[in-house]
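A.B. asks: Handing you a structure now.
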Amino acid sequence: MKRILVCEDEDVIRDFVVINLKRAGYDVIDVNNGEEALRVFDSEHGEFDIALLDIMMPGIDGFHVCKELRRRSATIGIIMLSAKTQEMDKVSGLMLGADDYITKPFSPSELTARIDAVYRRVSMAFVQEEKTSTIVSGPFELNVKSRTVSKNGQLIDLTQVEYSILEYFITNQNTALDRGSILQHIWGNNYPGDDKIVDVNIRRIRLKIEDQPSHPRYISTIWGFGYKWSDGTSKDEDEP
């Protein structure tokens, strides 16, 4: 059963979300504050596929809960939920480890589509691939079966979205990938969000894999187009 933790302090919205997710086949546990969300997550031994977190709540807010859940689990899918539309709220949530962001008001179809897309990526962490188990690029080794990446033998703490992006890059080494193709490959054909989510995730990945994130060696920016992966053996002309 697909399990989701819903944390929303407004009863009407929470009931609306719970009803629609149950109709979509999810096993839902709902709470109305951040403290309870963390307590339930721990009491259930982290056995959730996805957490849907409202940002503005009494007590600890959704940003704090997101940070704590990501610290506890690299595989859980996290979606932020808020009435706010400011760009910095989206960026802040994604930088803390969220996988997506839904702005209120939203339709049942948008809600389930966004959650289904995150669930598909999360579930890949538990699928045993029959193809080559490891891919090497410079100091990086990608383990396809465990969906992990190490650099110089040291495991990098990645979310499943970050892993998927790195796998896409490494298997397309030295190929310029536009934001649209990255968005489609990782988030799916019908993703209703914008490609800003690509840029934020790249920024987050660079912080984890680059020696100098402000002067990236492995993920170079192709200005006005997208990004390109190289193994770091040569300096890309596109590098800022």
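A.B. asks: Based on this model, can you work out whether Met80 counts as assigned to a loop (DSSP other than H, G, I, E, B), crowded, with 20+ Cβ neighbours inside 10 Å and not small (Gly, Ala, Ser)?
C.D. replies: Taking the combined requirement at face value, the residue does not satisfy it.
A.B. asks: Consider the range 83-96. How many of its residues are buried (at least 21 other Cβ atoms within 10 Å of the Cβ) and free of Cβ contacts under 8 Å to residues at least 60 places away in the same chain?
C.D. replies: 1
A.B. asks: Show the residue pairs that are 6+ apart or on different chains and have beta-carbon atoms under 7 Å apart, the first residue being within the range 97-117 and more than 19 Å from Leu69 (Cα to Cα) and of a type in the set (Val, Ile, Thr), the second being modelled with pLDDT of 90 or more and not in a helix (DSSP H, G or I).
C.D. replies: Short answer, once both residue conditions are applied: Thr112/Ala24.
A.B. asks: Return the residues of the range 102-123 that are under 16 Å from the mean Cα position of the chain (by Cα) and part of a strand (DSSP E or B); say none if nothing qualifies.
C.D. replies: Once the filter is applied, which keeps residues that are under 16 Å from the mean Cα position of the chain (by Cα) and part of a strand (DSSP E or B), the range 102-123 yields only Ile102.
A.B. asks: Among what's in the range 178-233 and is more than 30 Å from Thr112 (Cβ to Cβ) and among the basic types (Lys, Arg), pick the residue that is farthest from the chain's Cα centre (by Cα).
C.D. replies: Taking the candidates together, the pick is Arg217.
A.B. asks: What about Arg203, is it in contact with a helix residue (DSSP H, G or I) (Cβ under 8 Å, 6 or more places away or on another chain) and either surrounded by 14 or more Cβ atoms within 10 Å (Cβ to Cβ) or charged (D, E, K, R) (or both)?
C.D. replies: Considered against the rule, which asks whether it is in contact with a helix residue (DSSP H, G or I) (Cβ under 8 Å, 6 or more places away or on another chain) and either surrounded by 14 or more Cβ atoms within 10 Å (Cβ to Cβ) or charged (D, E, K, R) (or both), Arg203 comes out as yes.
A.B. asks: Turning to a different aspect of this structure: Of (1) touching a residue at least 24 places away in the same chain (Cβ under 8 Å); (2) more than 21 Å from Leu155 (Cα to Cα), Ser214 satisfies all except one. Which?
C.D. replies: (1)
A.B. asks: Show me the strands (runs of 3 or more DSSP E) entirely contained within the range 1-76 in which 2 or more residues are touching a helix residue (DSSP H, G or I) at 6+ places or on another chain (Cβ under 7 Å) and within 20 Å of Arg204 (Cβ to Cβ).
C.D. replies: Hits in the range 1-76: 50-54.
A.B. asks: Return the residues of the range 6-20 that are within 12 Å of Leu81 (Cβ to Cβ) and among the hydrophobic types (A, V, I, L, M, F, W, C); say none if nothing qualifies. Talk me through it step by step, then tell me what you get.
C.D. replies: We begin by selecting, within the range 6-20, every residue within 12 Å of Leu81 (Cβ to Cβ); these are 6-10, 13-14, 16-17.
Within the range 6-20, Val6, Cys7, Ile13, Phe16, Val17 meet the criteria.
The values are calculated or read from the model by the stated rules, or taken from the named source; none is laboratory data. The shown structure was predicted, so the numbers you read here are calculated from the model rather than taken from an experiment. Cβ sites come from the backbone with ideal geometry, for glycine too, and all protein chains shown count toward neighbours.
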